[in-house]
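Chemist: Can you read through this structure? Questions will come right after.
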Amino acid sequence: MSRTVFLTTAIDYTNAPPHLGHAYEKILADVLARYHRLCGDRVFFLTGVDQHGQKVQQAAAAAGLEPLVFVQGLASSFTDLWQRLGITYDAWAATTEPRHTGCVKNILHDLHGKGDIYKAAYRGFYSVRQEQFLTDKERGTDGAFGPEWGDVVELEEENWYFRLSKYRPWLLDFLAKNEGTVSPAFRHVELRNAAERGAGDLSISRPKSRLSWGIEMPFDSTCVTYVWFDALVNYISFAGYGEDTSEFSALWPALHIIGKDILIPAHGIYWLCMLRAMGFADDAMPTFLVHGYVMMDGEKMSKSLGNIRDPNTFIDAFGAGALRYYLMRDCAVGQDMDFTDERLIQRYNSDLANGLGNLLNRTLSMAKRYRGGILRKMPSPLEVFVQERVITYRQRMEARQIHAALESAWEVVVRCNAYVEETAPWKLAKDPAQADRLDEVLYSLSEALRIVSILISPVLPTEADSIRVQLAWGDAVHMSGTAWGSLADGHCVGEALPLFPRIERA
Ligand code: MSP
């Protein structure tokens, strides 16, 4: 039965161009989107950019530009990269769009009307340089605020608050009853613990005197909306919430794919309570797939640590497929991964060049040389092995364990390469009595490659297409095509083309 799958990623701050950490998340979401399309599911994949807030305002000021001009200038560094990486999103969430800002205002208006938003004064220590209130966490061991904060003044400020605490009992109960809300499971436990520790209400406005770059509060023109309250709403504003209810309810709820830094409190606490306050029922709550970090030398890759790598340089050097494959194959979803150029090259050479590329090349060359490219359909000893791997592949993809699903596909590649060595077709070709055996081997290898091309297509879409062209197999690509035996008796395979040339280190 076909499912509707609504996938989102976090929307990225547009204070700088995207780096490999951002790219990892988009590729992860894209692979899941492509997998579901392959299964015949209806997919709505939403991603975009988070254009408001202090970080963006500061970056724009540093560049000497108006914030809107700044974010518009940066937008193509995101959309160009997603295009180069083959990210097949269905809708683009840019939070300066009227569709979104209007939706945020409507929600604020409604929550204000029902008494879930109120005004209160807050007194605290404020760093003028960093333009933020400081808490005890920011104090040094001597109890003072360090020099990095510049002048720290005691300040009283009036802000609008969302009654988060009112929804905390509901959240605790909801999380206790719905253990599948966050995966991996240990992140769900972390969220429950955080929700139990509790917190006060959430300040959701900023006075324009210190932050002007945001969505103006609909009932108070002196302030703008706090960036998280604005950004989280993208998941519904760009899916038709409040516009076309039937379209929205056909899609919702979403699976949110996010990094581990933004589960608590933003998504797991603020967002769930916001949705509840808007009237979403328990069975209309989203779920979360929480991934780890792409690390450089043991540290999170981030602009503030100065260790970012531009994904474009890897696409230039090795192609988008090499990067997509490496990130998906080497990172167990939910865990951190250490990114190294050496490891990327090693994975590429061993799995793609020597593994899959070599299998394809030798299979097609042998079929051409010994049989003029024509296959005879024969019963195959590999059929059961391959079909078992298709089953585990699917189970692993459903569990969103992409690296493990790829492992199932590569078990087929490894088995097939070993089968070539075991059966030595070059010897069979010399012995007329072994003609049937040779036909069986060539059919088995071609058919296994056809099935592998379907399995790898979510991760390596361009390369999967090339394999199908080389096999001269033109059927529409669908999961049902992984059943053994689609290549017909008398099928003629195409020309072998180099697909994964080995990367030689300089
Ligand atoms: N704008 C907010 C998200 C709002 S969602 C309503 C934000 N932006 S971000 O640019 O800082 O991060 C965007 C996404 O990229 C987050 O999911 C974050 O976890 C992810 N990553 C940023 N650096 C990362 C790595 N080094 N590794 C993997 N993902 C990381 O947070």
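The values are calculated or read from the model by the stated rules, or taken from the named source; none is laboratory data. Remember, it's a predicted structure, so these values are computed and weren't measured experimentally. Cβ placement follows ideal geometry from the backbone for every residue including glycine, while neighbour counts extend to all protein chains displayed.
Chemist: Quick check, is V49 in contact (Cβ under 8 Å) with a residue 24 or more places away in the chain, among the β-branched types (V, I, T) and more than 9 Å from the ligand (Cβ to nearest atom)?
Modeler: Values: in contact (Cβ under 8 Å) with a residue 24 or more places away in the chain: yes; among the β-branched types (V, I, T): yes; more than 9 Å from the ligand (Cβ to nearest atom): no.
Spelling it out, it is not the case that V49 is in contact (Cβ under 8 Å) with a residue 24 or more places away in the chain, among the β-branched types (V, I, T) and more than 9 Å from the ligand (Cβ to nearest atom).
Chemist: For region 420-440, indicate whether the set of residues that are surrounded by 20 or more Cβ atoms within 10 Å (Cβ to Cβ), under 40 Å from the mean Cα position of the chain (by Cα) and either in a helix (DSSP H, G or I) or at pLDDT 95 or above (or both) is non-empty.
Modeler: Within region 420-440, not a single residue is surrounded by 20 or more Cβ atoms within 10 Å (Cβ to Cβ), under 40 Å from the mean Cα position of the chain (by Cα) and either in a helix (DSSP H, G or I) or at pLDDT 95 or above (or both).
Chemist: It is to be established whether one or more residues within region 259-270 are assigned to a helix (DSSP H, G or I) and over 30 Å from L171 (Cα atoms). It would help to see each step written out before you state the result.
Modeler: From region 259-270, those assigned to a helix (DSSP H, G or I) are 260-270; that's our starting set.
Subsequent filtering for residues that are over 30 Å from L171 (Cα atoms) retains none.
No, region 259-270 contains no residue that is assigned to a helix (DSSP H, G or I) and over 30 Å from L171 (Cα atoms).
Chemist: Give me the pairs: first residue in region 67-83 and under 12 Å from D12 (Cα atoms), second residue among the hydrophobic types (A, V, I, L, M, F, W, C), beta-carbon distance under 6 Å, and six or more apart or on different chains, which are they?
Modeler: From residues that are under 12 Å from D12 (Cα atoms), the pairs are F78/V49.
Chemist: Something else about it: Being among the β-branched types (V, I, T) and either more than 24 Å from D310 (Cβ to Cβ) or free of Cβ contacts under 8 Å to residues at least 40 places away in the same chain (or both) is true for just one of V43, V31. Which residue is that?
Modeler: Working: V31 fails: either more than 24 Å from D310 (Cβ to Cβ) or free of Cβ contacts under 8 Å to residues at least 40 places away in the same chain (or both).
When all the criteria are applied, what remains is V43.
Chemist: Of these, A16, A59, which one is within 16 Å of the ligand (Cβ to nearest atom), surrounded by fewer than 22 Cβ atoms within 10 Å (Cβ to Cβ) and part of a helix (DSSP H, G or I)? Full working, then the answer.
Modeler: Working: A16 fails: part of a helix (DSSP H, G or I).
Exactly one of A16, A59 is within 16 Å of the ligand (Cβ to nearest atom), surrounded by fewer than 22 Cβ atoms within 10 Å (Cβ to Cβ) and part of a helix (DSSP H, G or I), namely A59.
Chemist: Still on this structure: Could you list, in sequence order, all residues of region 286-305 that are of a type in the set (S, T, Y) and farther than 25 Å from W271 by Cα? Reasoning before the result, please.
Modeler: Step one: list which residues in region 286-305 are of a type in the set (S, T, Y), which gives 287, 293, 302, 304.
Passing the criteria: only S304.
Chemist: What residue, of R369, R362, R324, is within 16 Å of the ligand (Cβ to nearest atom), assigned to a helix (DSSP H, G or I) and closer than 22 Å to R468 by Cα? Lay out the reasoning, then the answer.
Modeler: Working: R369 fails: within 16 Å of the ligand (Cβ to nearest atom); R362 fails: within 16 Å of the ligand (Cβ to nearest atom).
The match here is R324.
Chemist: Can you tell me how many residues in region 271-321 are within 12 Å of the ligand (Cβ to nearest atom), outside any loop (DSSP other than H, G, I, E, B), free of Cβ contacts under 8 Å to residues at least 60 places away in the same chain and more than 15 Å from Y24 (Cα to Cα)?
Modeler: 4
Residue-wise test of (1) of a type in the set (S, T, N, Q); (2) under 27 Å from Q130 (Cβ atoms).
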| site | (1), (2) |
| --- | --- |
| L32 | no, no |
| F45 | no, no |
| G53 | no, yes |
| Q58 | yes, yes |
| L65 | no, yes |
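Chemist: Further question: Going by what's in this entry, would C223 be described as buried (at least 22 other Cβ atoms within 10 Å of the Cβ) and more than 15 Å from the ligand (Cβ to nearest atom)? Before the answer, list the steps.
Modeler: Values: buried (at least 22 other Cβ atoms within 10 Å of the Cβ): yes; more than 15 Å from the ligand (Cβ to nearest atom): yes.
For C223, the condition - buried (at least 22 other Cβ atoms within 10 Å of the Cβ) and more than 15 Å from the ligand (Cβ to nearest atom) - is met.
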